[in-house]
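Here is the structure we will look at, set down as structure tokens.
The values are calculated or read from the model by the stated rules, or taken from the named source; none is laboratory data. Everything numeric in this text was worked out from a predicted model, so none of it was measured. Cβ: placed from backbone, ideal geometry, glycine included. Neighbour counts: every protein chain shown. We work out accessible area using only protein heavy atoms, side chains counted, and drop any ligands, DNA or RNA first. Shrake-Rupley method; radii C 1.70, N 1.55, O 1.52, S 1.80 Å.
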Amino acid sequence: MLRLSFYLVLLISVATVAAGAAVMWWVIPELPSIDTLREVKLQTPLRVYSADGALIGEFGVMRRKPVAIKDVPPLVKQAFLAAEDDRFYEHPGVDWMAIVRAGVELFRTRHARQGGSTITMQVARNFFLSPERTFERKLKEIVLAMKIEHELSKDEILELYLNKIFLGQRAYGVGAAAQVYFGVDLNELSIAQIALIAGLPKAPSKVNPITNPVAAKQRRAYVLRRMLELGFIDKPRYDAALDVPLETRVHGQDSEVPAPYVAEMVRAYMQDHYGEKAYSTGYRVYTTISSAAQAKAVEALQGTLVDYDRRHGYRGAEAHAELDAKPDETALAEALEAYPSLGGLESALVLAVGEREVEVFTASGQRLNIGWDGLGWARRYIDQDSAGAAPKRAADIVQRGDVVRVQWVVPPPPKTQEKDKATTQPAGYWRLAQVPAVEGALVSIDSHDGAVLALVGGFDFEKSKFNRVTQAQRQPGSNFKPFIYSAALDHGFTAASFINDAPIVFDAPGLENEWRPENYTRKYYGPTRLRDALANSRNLVSIRLLRELGIDTAVEHVSRFGFRPDKLPRNLSLALGSCVVTPLELVTGYAAFSNGGFRITPYFVARIETPEGQRVATANPAVACAECEQRAAPGQNEPADLEAMQAQQSEAEAPTAPRAIDKQNAWLMYSMLKDVVTRGTAQSARSMKRPDIAGKTGTTNDQKDAWFSGFNGRIVTTTWLGFDQTAPLGKVETGARAALPMWIDYMTFVLKDLPPAELERPTGLVTTRIDPRTGLLANAGDPDAILETFRESDVPRAATASGSTYGSAEGQSNGAATDDLF
């Protein structure tokens, strides 16, 4: 018997040694190096930031927010240990006791109710092994876990686990889970929230609180009980956490800057340059966007579109729902789920209609009363030029069950108020609203290097992802006239040149009818100086001016601003902006008037960094730099010593933008466009009380597009308003009425703390007194003389005694054009 026992022990020993040798020979050589865990790079999403570091958005299949183990709250660690591996800090990577318990349970019940995998084994499986269930994979998992334990500390292993584990809803790691389920940082979680997240690794789909709240609550209770049993929490905290309602929903990464159109531009840029790895490498893209300017741009655009929409009447309820006599709030909320907030306009259900007020239930769960001050505006929409009679009672506007929009309105402060009296102005009120049918765009850039400061491609990204700044091809109308006038200044015309503003008829080949272009006012003013014609947007003057210039000459000049020649019509309609351009192309062209004549290229990506902060790419835009041109000229501004030379080399690191026009042309155009504001079609901008702003209104045929492009010596901004499916905006909806208010609202904010930035007057210009009736030099003592500025070579001659001489004759010319307004 003893001999038999001896041989049995010997056989077991030999078998054990043989098994160990087999593992050494077969399994261990196939195991990966643990060093890769020390250098592991977790797949993290692409994140987009503003220039000042505020989050704009993120993109990626995996939501991940890596955290260092030192930043993980103790209760989070304890909850995961309680749920997954309470002997983690005691076993060598494999918990043999747990494996035995799991085996006994499996044999006894035929169900695997207890798991034998440790946290270390899960790390081995998640980082290195496939999910297949085979004996070979399990054996590798055990050996690899022991190897990991030998080479990494317990805290290093736990950190890898807490950042890698899948927790449902595309959330990988505890940092991401805290954000996704509760919208908070990891250190802000309550005990109940911690227990819920710690219960997810076992079956993130089956116990997911979003899809299966009952199972999630049961799993949370299990984790809390284990935490109590292990002494991690006491009975009062356990009881309190157990009673907490299960309140979860999917939270996106909260954006700090409302710039979804910019975020999408960055995503497309990164996709083009880095492919699919852009979404998982954790790149941090810092844009040129100013957080404050962008927020104001969104507010200005949405406010302008809502104001336009309200001017034209109420189109009626968005939908209608049949309500029970006493509907509960859950049913009301469900009825509004299909109507998310758009542009700050929240959806609401009308619960009751009074004589001159209504009660509504909003998507956010509020019950509100809207009084007549928020209802009285809602005349029935008929068409873009007419609305119904003013409503007399609330029932004329809405009925119970209507799905409507509401908006919180803060009235503007009174213009005058006695300092010694307290104001009684209300803080605000709720107003009936509607999602505008009209759309808009705003883009603002630094004219010296093209950095995009703010960009809004539409009323709301969720309503329409079409980016009207970069994708909308629209006729610019009179907003295009300054480029024609700039061409004239380069070809013998001056701001004092006369062109006849009188009716004209073109019998154009290819057109069914004669073309009879008109001014917006349908009035004509005879011979008109170019400065006055541009300020008041005289269409007939622009047409005659282009005819005298020649279309080929004008197209060549205009293309220097960045406009594609093949998109410019080869007929006189070009004078009225019949080409199609995007707002981004237009604002780029206007930048040359702001920066002294340089053609800059807009850009929105300032730099790209890795998650560790290493720079991958940095923008190096060509800049508007007159000083650089002077230094480049032979013999000009030679450095006095080595230090001065080094300073010049440092300044010259950025390339210089090419010229669109010379500095004299740019300054003269700036001067003429300032008159558009001071005494022309954009006089409402005088409310800004700034001496440095200039710009041009634009409206196309039948008021289908409304524009304003304006600038000072540093910032240039273009605003546009129109329907995506081209249609008239209304007879009075000119650029000055529809688009200029958006520009004023935005630029007033952006420039409020900045001193005036006027374009520096270059050499080569002369200001002299002229006769406003002739454009020639004024006689001495002429009381009607005015000042005008010319190139030195273009100073007019003195008036002769024989009488007036006007600068240009009227005539006829063939061509086709679209009518245009200011």
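Numbers below:
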| quantity | calculated |
| --- | --- |
| Qualifying residue in region 463-470 (condition: in a strand (DSSP E or B), modelled with pLDDT of 95 or more and touching a strand residue (DSSP E or B) at 6+ places or on another chain (Cβ under 8 Å)) | no |
| Residues that are more than 13 Å from the chain's Cα centre (by Cα) and in contact (Cβ under 8 Å) with a residue 12 or more places away in the chain, drawn from region 248-272 | THR248, ARG249, VAL250, HIS251, GLN253, ASP254, TYR269, MET270 |
| Single condition ALA317 does not satisfy, out of (1) among the small types (Gly, Ala, Ser); (2) modelled with pLDDT under 95; (3) more than 30 Å from ALA454 (Cβ to Cβ) | (2) |
| Region 445-465 residues that are closer than 17 Å to ILE289 by Cα, paired with ones that are open to solvent by less than 10 Å² (accessible area, probe 1.4 Å) and among the basic types (Lys, Arg) (beta carbon under 6 Å, 6 or more apart) | GLY457/ARG468; GLY458/ARG468 |
| Residues (touching a strand residue (DSSP E or B) at 6+ places or on another chain (Cβ under 7 Å) and assigned to a loop (DSSP other than H, G, I, E, B)) located in region 474-491 | GLN475, PRO476 |
| Qualifying helices (runs of 4 or more DSSP H) (wholly inside region 246-351; at least 3 residues being over 24 Å from ALA395 (Cα atoms) and touching a strand residue (DSSP E or B) at 6+ places or on another chain (Cβ under 9 Å)) | 260-274, 291-311 |
| Boolean, GLN169 is within 28 Å of the chain's Cα centre (by Cα) and either at positive phi or surrounded by fewer than 18 Cβ atoms within 10 Å (Cβ to Cβ) (or both) | yes |
| Boolean, VAL180 is in a helix (DSSP H, G or I) and more than 25 Å from ALA124 (Cβ to Cβ) | yes |
| Test: residue in region 146-154 that is at pLDDT 90 or above, assigned to a helix (DSSP H, G or I), open to solvent by 20 Å² or more (accessible area, probe 1.4 Å) and acidic (Asp, Glu) | no |
| Residue check, GLU733 more than 20 Å from THR678 (Cβ to Cβ) and either aromatic (Phe, Trp, Tyr) or out of contact with any Gly (no Cβ under 7 Å at 6 or more places or on another chain) (or both) | yes |
| Qualifying residue in region 375-382 (condition: surrounded by 15 or more Cβ atoms within 10 Å (Cβ to Cβ) and free of Cβ contacts under 8 Å to residues at least 24 places away in the same chain) | yes |
| Region 379-418, subset small (Gly, Ala, Ser) and within 24 Å of GLU346 (Cβ to Cβ), residue nearest to the chain's Cα centre (by Cα) | GLY401 |
| Of all residues in region 650-681 being among the charged types (D, E, K, R) and part of a helix (DSSP H, G or I), the one that is most open to solvent (accessible area, probe 1.4 Å) | GLU651 |
| Every pair of residues 6+ apart whose Cβ atoms lie under 6 Å, when the first sits in region 554-579 and is over 18 Å from SER542 (Cβ atoms) while the second is open to solvent by 50 Å² or more (accessible area, probe 1.4 Å) and not in a helix (DSSP H, G or I) | GLY562/ARG599 |
| Given (1) aliphatic (A, V, I, L, M); (2) within 30 Å of GLY613 (Cβ to Cβ); (3) surrounded by fewer than 14 Cβ atoms within 10 Å (Cβ to Cβ), index of the condition ALA278 fails | (3) |
| Residue check, ILE600 out of contact with any strand residue (DSSP E or B) (no Cβ under 6 Å at 6 or more places or on another chain) and farther than 26 Å from ILE499 by Cβ | yes |
| Inter-residue pairs, beta-carbon under 6 Å, first touching a residue at least 60 places away in the same chain (Cβ under 8 Å) and in region 56-69, second of a type in the set (Asp, Glu) and outside any loop (DSSP other than H, G, I, E, B), 6+ apart | ILE69/ASP155; ILE69/GLU159 |
| Output for region 492-507, where each listed residue is part of a loop (DSSP other than H, G, I, E, B) and not hydroxyl-bearing (Ser, Thr, Tyr) | GLY492, PHE493, ALA495, ALA496, ALA502, PRO503, ILE504, VAL505, ASP507 |
| 1 or more residues charged (D, E, K, R) and either modelled with pLDDT under 95 or open to solvent by 60 Å² or more (accessible area, probe 1.4 Å) (or both): qualifying strands (runs of 3 or more DSSP E) within region 708-822 | 765-770 |
| All strands (runs of 3 or more DSSP E) inside region 517-633 with 2 or more residues being open to solvent by 20 Å² or more (accessible area, probe 1.4 Å), out of contact with any Leu (no Cβ under 6 Å at 6 or more places or on another chain) and under 27 Å from THR494 (Cβ atoms) | 526-529 |
| Pairs where the first residue, in region 78-97, is at positive phi and the second is among the small types (Gly, Ala, Ser), C-beta under 7 Å, 6+ apart | GLY93/ALA145 |
| Enumerated helices (runs of 4 or more DSSP H) restricted to region 2-104, each holding at least 1 residues that are among the hydrophobic types (A, V, I, L, M, F, W, C) and modelled with pLDDT under 60 | 2-22 |
| Residue count, region 106-123 (criterion: modelled with pLDDT of 60 or more, surrounded by 13 or more Cβ atoms within 10 Å (Cβ to Cβ) and either among the acidic types (Asp, Glu) or farther than 27 Å from LEU152 by Cα (or both)) | 0 |
| Complete set of residues in region 748-781 that are in contact with a strand residue (DSSP E or B) (Cβ under 9 Å, 6 or more places away or on another chain), within 30 Å of THR304 (Cα to Cα) and free of Cβ contacts under 8 Å to residues at least 60 places away in the same chain | LEU754 |
| Odd one out for GLY492 among (1) touching an Asp or Glu at 6+ places or on another chain (Cβ under 9 Å); (2) loosely packed, with under 15 Cβ neighbours inside 10 Å; (3) without any contact (Cβ under 8 Å) to a residue 24 or more places away in the chain; (4) not hydrophobic (A, V, I, L, M, F, W, C) | (3) |
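Here's the yes/no breakdown for (1) polar (S, T, N, Q); (2) under 19 Å from LYS463 (Cβ atoms):
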position	(1), (2)
PRO327	no, no
ALA331	no, no
GLU337	no, yes
PRO340	no, yes
GLU346	no, yes
LEU349	no, no
GLU357	no, no
THR362	yes, yes
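Yes/no matrix, rows are residues, columns are (1) buried (at least 16 other Cβ atoms within 10 Å of the Cβ); (2) closer than 29 Å to VAL48 by Cβ:
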position	(1), (2)
VAL257	yes, yes
ALA295	yes, yes
ARG315	no, no
VAL353	yes, no
